[in-house]
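The structure under discussion appears below in the form of structure tokens.
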Amino acid sequence: MAFVEFTNVGFSYSHNSPVLHSISFSIERTEHVMLAGTIGAGKSTALKLAVGLFAPDKGSIRVDGISPSIPSLYEIVKRIGVALQNPSDQIFCSTVREEMLYGLRNLGANETSDTFQRTVALFGFSRLLDKHPYDLHPAQRRLLTIASAIAMNTPFYIFDEPTSGISKPERESIVGALHQLRIAGKGYMLITHDLAFGMEHCDRILVFNKGILAVDESLPDFLQRENAQGILKKNGLQMPIVPRMSAQLAQNTITAQYPDFISQLRQQQTSSKQAP
């Protein structure tokens, strides 16, 4: 059974302007999925529907077999950890410690939990625990929302624009966190405009365009498509430079991973030198 399942979901904030049109997709518990699309495509709305903040106008949504709604929110938060696009919409405690512990305590855990301690260390918050979240710079506040979600140790996560407005050190913290989630067998969805980052850390791509699901494919299969770059362009997106160069150089496997690109490039150069 799919862990997150949208079936013919439609939603609008007003009857005159639908945001989602009969969206259907399903995600397994351990999948790593990128949801891309331009501003207004309906990505963040899909997140809010998935966790029960909104109810669909039509169709159905299931999370681990449960229909997200206000009465079942407690059951949903045990299953999906969420970091919203705007940290100000999520942070409300008076210290970093309390912010990271809020969700944990609702699930019956506390500061001594292994997950809390590991997450604090992973994001480098050990010396910041007693600070007010709004004494942190904006990039650190974004990391705080991600860390607070991961500390809850849910089976699945949704991170909305996790790399927006951050520098290389914060980005590396997020990369480390995603790597640890993979090792732990956790699934996640990255809602992002940063296609390069999404392609580096996901195995499947979904693309929304004006509330319609335009692409739903495994990332390796999508990148191998001859018209992949054109499909993204048609949906207002640009192929990242690594897979674009990989395609231009006619590499055997089009890749979004820089190390794989360099490895294939060296193999091509070696083959070229050995050719008679």
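The values are calculated or read from the model by the stated rules, or taken from the named source; none is laboratory data. Just so you know, these numbers come straight off a predicted model, no measurement behind them. Please note: Cβ atoms are built from the backbone with ideal geometry, for glycine as well, and neighbour counts cover all protein chains shown. For the accessible areas, the whole protein counts, side chains as well, though only heavy atoms, and no ligand, DNA or RNA atoms are used. Shrake-Rupley method; radii C 1.70, N 1.55, O 1.52, S 1.80 Å.
Would you mind finding the one in 148, 173, 164 that is in contact with a His (Cβ under 9 Å, 6 or more places away or on another chain), in contact (Cβ under 8 Å) with a residue 24 or more places away in the chain and hydroxyl-bearing (Ser, Thr, Tyr)?
Numbers: 148 fails: in contact with a His (Cβ under 9 Å, 6 or more places away or on another chain); 173 fails: in contact with a His (Cβ under 9 Å, 6 or more places away or on another chain).
After ruling out the rest, the residue left standing is 164.
Let me spell it out: the conditions are (1) surrounded by fewer than 20 Cβ atoms within 10 Å (Cβ to Cβ); (2) touching a Ser or Thr at 6+ places or on another chain (Cβ under 7 Å); (3) of a type outside the set (Lys, Arg), and residue 172 meets all of them except one. Which number is the exception?
So the condition that residue 172 fails would be (2).
Are any residues in segment 160-171 in contact with a helix residue (DSSP H, G or I) (Cβ under 6 Å, 6 or more places away or on another chain) and not in a loop (DSSP other than H, G, I, E, B), and if so, which ones?
Correct list: 160, 170.
Kindly indicate whether any position in segment 205-214 is within 12 Å of the chain's Cα centre (by Cα) and farther than 25 Å from residue 115 by Cβ.
Kept after step one, since they are within 12 Å of the chain's Cα centre (by Cα), are these residues of segment 205-214: 205-206.
Pick out the ones that are also farther than 25 Å from residue 115 by Cβ and you get 205-206.
Scanning segment 205-214 turns up at least one residue that is within 12 Å of the chain's Cα centre (by Cα) and farther than 25 Å from residue 115 by Cβ.
Look at segment 101-110 and say how many of its residues are open to solvent by less than 50 Å² (accessible area, probe 1.4 Å) and in contact with a Cys (Cβ under 9 Å, 6 or more places away or on another chain).
We begin by selecting, within segment 101-110, every residue open to solvent by less than 50 Å² (accessible area, probe 1.4 Å); these are 101, 103-104, 109.
Okay, now just the ones that are also in contact with a Cys (Cβ under 9 Å, 6 or more places away or on another chain), so 101.
Result for segment 101-110: 1.
Residues in segment 210-217: is at least one touching a Ser or Thr at 6+ places or on another chain (Cβ under 9 Å), of a type in the set (Lys, Arg) and closer than 25 Å to residue 79 by Cα?
Within segment 210-217, not a single residue is touching a Ser or Thr at 6+ places or on another chain (Cβ under 9 Å), of a type in the set (Lys, Arg) and closer than 25 Å to residue 79 by Cα.
Quick one: residue 97 ticks every box in (1) closer than 30 Å to residue 10 by Cβ; (2) in contact with a Leu (Cβ under 8 Å, 6 or more places away or on another chain) bar one, so which box is it?
(1)
Given segment 212-276, what helices (runs of 4 or more DSSP H) lie entirely inside it while holding 3 or more residues that are open to solvent by less than 50 Å² (accessible area, probe 1.4 Å) and more than 30 Å from residue 9 (Cα to Cα)? Even if it seems obvious, please write down each step before you answer.
Details: elements: 219-224, 228-234, 241-248, 258-274.
Per the criteria, 241-248, 258-274.
Tell me which residues, restricted to segment 46-85, are under 30 Å from residue 235 (Cα atoms), open to solvent by less than 70 Å² (accessible area, probe 1.4 Å) and part of a strand (DSSP E or B).
59, 60, 61, 63, 80, 81, 82, 83
Suppose we filter segment 1-13 for residues that are among the hydroxyl-bearing types (Ser, Thr, Tyr) and open to solvent by less than 50 Å² (accessible area, probe 1.4 Å); how many remain?
Here is the first cut: in segment 1-13, the ones among the hydroxyl-bearing types (Ser, Thr, Tyr) are 7, 12-13.
The next check asks that each one be open to solvent by less than 50 Å² (accessible area, probe 1.4 Å); those that pass are 12.
Looking only at that region, the number is 1.
Scan segment 86-100 and tell me whether some residue there is crowded, with 19+ Cβ neighbours inside 10 Å, under 24 Å from residue 179 (Cβ atoms) and among the aliphatic types (A, V, I, L, M).
yes
Quick one: would you say residue 144 is open to solvent by less than 10 Å² (accessible area, probe 1.4 Å), at pLDDT 95 or above, assigned to a helix (DSSP H, G or I) and of a type outside the set (Ser, Thr, Tyr)?
Answer is yes for this residue.
Within the group 208, 197, which residue is touching a residue at least 24 places away in the same chain (Cβ under 8 Å), closer than 30 Å to residue 155 by Cβ, open to solvent by less than 10 Å² (accessible area, probe 1.4 Å) and in a helix (DSSP H, G or I)?
Values: 208 fails: in a helix (DSSP H, G or I).
Of the residues listed, the single one that is touching a residue at least 24 places away in the same chain (Cβ under 8 Å), closer than 30 Å to residue 155 by Cβ, open to solvent by less than 10 Å² (accessible area, probe 1.4 Å) and in a helix (DSSP H, G or I) is 197.
Residues of segment 15-45 being part of a loop (DSSP other than H, G, I, E, B), of a type in the set (Gly, Ala, Ser) and open to solvent by 50 Å² or more (accessible area, probe 1.4 Å), which ones? First the steps, then the outcome.
First, pick out the residues of segment 15-45 that are part of a loop (DSSP other than H, G, I, E, B): 15-17, 28-31, 37-42.
After this cut, where a residue has to be of a type in the set (Gly, Ala, Ser) as well, the list is 17, 37, 40-42.
Matches in segment 15-45: 17, 40.
Looking only at segment 118-141, filter to residues that are basic (Lys, Arg) and open to solvent by 70 Å² or more (accessible area, probe 1.4 Å); which one of those is modelled with the lowest pLDDT?
Here is the first cut: in segment 118-141, the ones basic (Lys, Arg) are 118, 127, 131, 141.
If we keep only those that are open to solvent by 70 Å² or more (accessible area, probe 1.4 Å) as well, we get 118, 127, 131.
Details: 118: 91, 127: 95, 131: 96.
Checking each candidate, the answer is 118.
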